[in-house]
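Each remark here refers to the structure printed beneath this line.
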Amino acid sequence: MTFSIVGFDPQTKELGVAVASKFLCVGAVVPFAKAGVGAIATQSWANLDYGIDGLDMLQRGLSPEEVLKELVANDEKSGARQAGIVDASGRSAIFTGEDCFDWAGGLAEANFAIQGNLLVSEDTVNDMKAVFLQKEASLAERLLAALQAGDIAGGDKRGKQSAALLVVKENGSYGGYTDRYIDLRVDDHTDPVKELARLLKLHQLYFIGTTPKDIVAIEGELAEEIQNMLYENGFLDRNLTEMDDLQDAIQSYHLIQNFDERVQERGFIDKKVVEFMRINK
């Protein structure tokens, strides 16, 4: 009783899943992905082996169609299952068992698969496709936009409870230790897809590095403004007026507010950090 989209970006090689449901903690059940291998959504009386074994089979070279065929053949309750797969070449496939509750179905095309069951109508998957194909943005933003479109079109007949977004890429995690680039979950909320969008914006703020166009010098009126904001926030003593004192306070602000990825060399600052300071002064 869920709707989801699985996607691949051939330019960045990112793979991901976005999902929403009237189900507690859907992000702990439906999405599976591995960089360089593929992404899978398993739902409707979800069999998590579809995600675990499916990724293993993709890594061994089977196509999404072949993976689903084998998974279904080895599952005596396959009639109640639904799944969507996309691999690291952009090939995709979906399966909807005959016992899934109406409306149930989906579509699979190059670089994405969309699937849903117990939906208000087929409009959910059709609108998700249209938005995913039309939006020019990162994979995470396109997956989320598609999920939002499905939510607006009706989504799960039973209502709303949770949503999740998983995106993987090689060495994509904080510090580059794993492939888990984005792993956001809204486990229990009255408007989970909207809340997921808020979390993605925060993720972009905290974990995406500074672009050159956002680097500005700390001088003149900007230096004075930053100094005053740091006074107000308790990061700078008003008796300390030297530029080195201001730079030390800026460094402390970055680390305490978790702007590790946006720290600049002394004398410069990321405009997005300044915008955050203005909003939260």
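The values are calculated or read from the model by the stated rules, or taken from the named source; none is laboratory data. Since this is a predicted model, take the numbers as computed values, not measurements. Positions of Cβ are backbone-derived with ideal geometry, glycine not excepted, and every protein chain shown enters the neighbour counts.
Can you tell me which residue within the range 261-281, out of those that are surrounded by fewer than 12 Cβ atoms within 10 Å (Cβ to Cβ) and assigned to a helix (DSSP H, G or I), is modelled with the lowest pLDDT?
For the range 261-281, the residue satisfying everything is 279.
Provide a single number: the residues in the range 109-119 that are over 22 Å from residue 87 (Cβ atoms) and surrounded by fewer than 16 Cβ atoms within 10 Å (Cβ to Cβ).
0
Of the numbered conditions (1) closer than 20 Å to residue 62 by Cβ; (2) surrounded by 16 or more Cβ atoms within 10 Å (Cβ to Cβ), residue 89 satisfies every one except a single condition; which is it?
(2)
Where residues in the range 71-86 are charged (D, E, K, R) and surrounded by 14 or more Cβ atoms within 10 Å (Cβ to Cβ), which of them is farthest from residue 42 (Cα to Cα)?
Of everything passing the filter in the range 71-86, 75 is farthest from residue 42 (Cα to Cα).
What number of residues in the range 49-63 are under 15 Å from residue 17 (Cβ atoms) and either touching a helix residue (DSSP H, G or I) at 6+ places or on another chain (Cβ under 7 Å) or at pLDDT below 95 (or both)?
Of the residues in the range 49-63, 3 are under 15 Å from residue 17 (Cβ atoms) and either touching a helix residue (DSSP H, G or I) at 6+ places or on another chain (Cβ under 7 Å) or at pLDDT below 95 (or both).
Can you tell me how many residues in the range 231-251 are surrounded by fewer than 13 Cβ atoms within 10 Å (Cβ to Cβ) and of a type in the set (Ser, Thr, Tyr)?
Of the residues in that region, 1 qualify.
May I ask you to verify whether residue 173 is surrounded by fewer than 18 Cβ atoms within 10 Å (Cβ to Cβ), under 30 Å from residue 261 (Cα atoms), assigned by TED's automatic domain parsing to the domain that holds residue 34 and among the polar types (S, T, N, Q)?
Against the criterion (surrounded by fewer than 18 Cβ atoms within 10 Å (Cβ to Cβ), under 30 Å from residue 261 (Cα atoms), assigned by TED's automatic domain parsing to the domain that holds residue 34 and among the polar types (S, T, N, Q)), residue 173 qualifies.
May I ask you to verify whether residue 170 is in a loop (DSSP other than H, G, I, E, B), over 23 Å from residue 268 (Cα atoms) and at pLDDT 95 or above?
When the stated conditions are applied, residue 170 passes them.
Only residues that are under 24 Å from residue 11 (Cβ atoms) and within 11 Å of the chain's Cα centre (by Cα): list them for the range 165-198, please.
Hits for the range 165-198 are 165, 166, 167, 168, 180, 181, 182, 183, 184, 196, 197.
Could you check, for the range 41-48, whether at least one of its residues is within 15 Å of residue 106 (Cα to Cα) and not in a strand (DSSP E or B)?
Yes, some residue in the range 41-48 is within 15 Å of residue 106 (Cα to Cα) and not in a strand (DSSP E or B).
List every residue pair whose Cβ atoms sit under 9 Å apart, with the two residues 6 or more apart in sequence or on different chains, where the first one lies in the range 213-241 and is outside the structural domain of residue 263 (by TED's automatic domain parsing) and closer than 20 Å to residue 257 by Cα and the second, anywhere, is loosely packed, with under 11 Cβ neighbours inside 10 Å and among the hydroxyl-bearing types (Ser, Thr, Tyr).
Once the first residue is outside the structural domain of residue 263 (by TED's automatic domain parsing) and closer than 20 Å to residue 257 by Cα and sits in the range 213-241, no partner that is loosely packed, with under 11 Cβ neighbours inside 10 Å and among the hydroxyl-bearing types (Ser, Thr, Tyr) comes close enough.
In the range 37-74, how many residues are under 23 Å from residue 169 (Cβ atoms), touching a residue at least 24 places away in the same chain (Cβ under 8 Å) and of a type in the set (A, V, I, L, M)?
Final tally of qualifying residues: 6.
Which numbered condition trips up residue 101, out of (1) modelled with pLDDT of 95 or more; (2) closer than 22 Å to residue 1 by Cα?
Residue 101 satisfies every listed condition except (1).
Name the residues in the range 242-259 that are closer than 26 Å to residue 174 by Cβ, touching a residue at least 24 places away in the same chain (Cβ under 8 Å), in contact with a helix residue (DSSP H, G or I) (Cβ under 8 Å, 6 or more places away or on another chain) and not hydroxyl-bearing (Ser, Thr, Tyr), would you?
Across the range 242-259, the qualifying residues are 250, 258, 259.
Identify, please: which residue in the range 138-170 is in contact (Cβ under 8 Å) with a residue 60 or more places away in the chain and among the acidic types (Asp, Glu) and is, among those, surrounded by the fewest Cβ atoms within 10 Å (Cβ to Cβ)?
170
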